[in-house]
Amino acid sequence: MSIDSQEFFSEELHEECGVFGIYGDDSLSPAYACYNGLLALQHRGQESCGIAVNDRGVVSGHKNMGLVSEVFSNDILNSLKGQMAIAHVRYSTAGGSVRENSQPLVMRYVKGTLAIAHNGNLTNAYEIRRELEHRGAIFQTTIDSEAIAYLIARERVKAGSVEAAVERAMGQIDGAYSLLVMSPQKLIAARDPHGFRPLCIGKLGDSVVFASETCALAACGAEFVRDVDPGEIVVADEDGLHSIRTCIPEKSKKSLCVFEYIYFARTDSEIDGISVYKSRKEAGRILAREFPVDADIVIGVPESGIDAAIGYSEESGIPYEKGIVKNGYIGRTFIKPTQKERANSVRLKLNPLRSVLEGKRVVVIDDSIVRGTTCDRIVKMLRNAGAKEVHLRISSPPFIWPCFYGTDIPSRDELIAVKHTVDEICELTGADSLGFFPPEKLGEMLGGVDCGFCDACFSGKYPTKIPEKMLAGKERGGVDFDKKLPAKKKNTSVCQGKDEENE
């Protein structure tokens, strides 16, 4: 059976969320700054969003399901008065897609009010929740962030300051977290010791801004200062900025998710000193050197495939063309209620330009193949538009391991590269050839900078210990890919033609 006959799953990967915060004064509106920042971070989460504002110790807020522009109006933003605020956009990789799980979370406890916004997944969240529940905690959500909030609140009762409580809580949690914590008088940013998720600092006049990406700083008019270091706690209060570095490990390799550069982050962001745009272009250049092909044009699948396509074109000398138009107003394909509607939404979302494609040998660049449920439709779409040949190039290596740090890479049973060789995937997609980005070239893609990154979804080498319960949870049953194709032991990074054998 073909991929088209299987139950449809969205091929797009999603990352859990984005965070934004500002510490200022009465001279600006922190709610509007957060709104602009969230608009710039919308690509990191489109299920829900929220803003919590602190007005001299009194916290008010608004959050709901939907896009930033749908959830907030001028009236709502005007009602959110204060001097500092934190904000959040969410896509659920842990916890259900319901309003109760939207952030920021606001907790009232014996020391006052605490609000948090969190990006990432904890690997020991289950153990922490069980321990807290046995001590009488009653959870209102199913997300990791509430466990972090409980830990900070518990430690704050014993600690001399909220930043000391954050420091103590960091000693108890494992996994990925870029975190903003707002107390009555302070705004605190913290990044896990591995630096799985990005977090940066900016200045807007006399105000301090924290954001998941630099593009959000630009959106609110802030100037980039620096990235928060892995394991660092940064405190903004009436005395300015203070750094606490006791949680920074002496011998720990930074493990920023490499997929931030391949797909998650916005093109105009810089993360840990590396341009996302330049890294994606370099990925295309490497693909052109590793997997050359005679073709007439190079195109990219919008949006993340476009930068790599430009790099492929520049390196190969094959002209770049805009061959696919994306309708940005179509909702996500996986929320359609029936398979037929989900399949139709792919065609509504991406439309080929026949005038560009007809009679041409086409190289098409996409960012990834996860389950293999969309790439075959793209190939067919290009052929139906008159493409003479379709050569598929992927700017990431094959996914063969799940992620436990906040990316919704599914179980191994659902990953097409686990069950099929590149030749077989090429045949399933209907492409004339297929080439994946070589995993050993990931460092070269980042300009050879020794920035440290996590590539566990490609290599299976996880930077932290993964509890057995989490491992078992990722081994649930998944899609049974084409049974007619026998599995082969050998796998390669490129398939040149459907009838050729692996070299």
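The values are calculated or read from the model by the stated rules, or taken from the named source; none is laboratory data. Being a predicted model, the structure only gives us computed values, none of them experimental. Every residue, glycine as well, gets a Cβ built from its backbone with ideal geometry; the counts of neighbours run over all protein chains shown. Side chains are part of the model used for accessible areas, which takes the heavy atoms of the whole protein and leaves out ligands, DNA and RNA. Shrake-Rupley method; radii C 1.70, N 1.55, O 1.52, S 1.80 Å.
So the values come out like this:
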| read-out | value |
| --- | --- |
| For region 345-435: accessible area per residue (Å², 1.4 Å) | 27 |
| Net charge of neighbours whose Cβ lies under 10 Å from the Cβ of Gly50, counting Lys and Arg as +1 and Asp and Glu as -1 | +3 |
| Among beta bridges that DSSP assigns inside region 346-464, antiparallel share in %, nearest 5 | 0 |
| Compactness of region 121-178 as Cα Rg over 2.2 N^0.38 Å, two decimals | 1.05 |
| Region 162-220 versus region 377-395: alpha-carbon centroid distance in Å | 43 |
| Probe 1.4 Å, all protein chains present, accessible-area order of Phe264, Phe453, largest first | Phe453, Phe264 |
| Those GluC sites (Glu not before Pro) in region 174-274 that DSSP places in a loop and that have at most 15 other beta carbons within 10 Å | Glu238, Glu250 |
| Positive minus negative residues near Lys360 (Lys, Arg vs Asp, Glu; Cβ under 9 Å) | -2 |
| Nonlocal Lys pairs with alpha-carbon distance under 25 Å, region 170-315 (8 or more apart, or different chains) | 5 |
| Paramagnetic reach from Lys111 in region 175-207 [backbone N under 18 Å; point 7 Å along Cα→Cβ] | 179-191 |
| Accessible area of region 135-222 belonging to carbon and sulfur atoms, whole % at 1.4 Å probe | 47 |
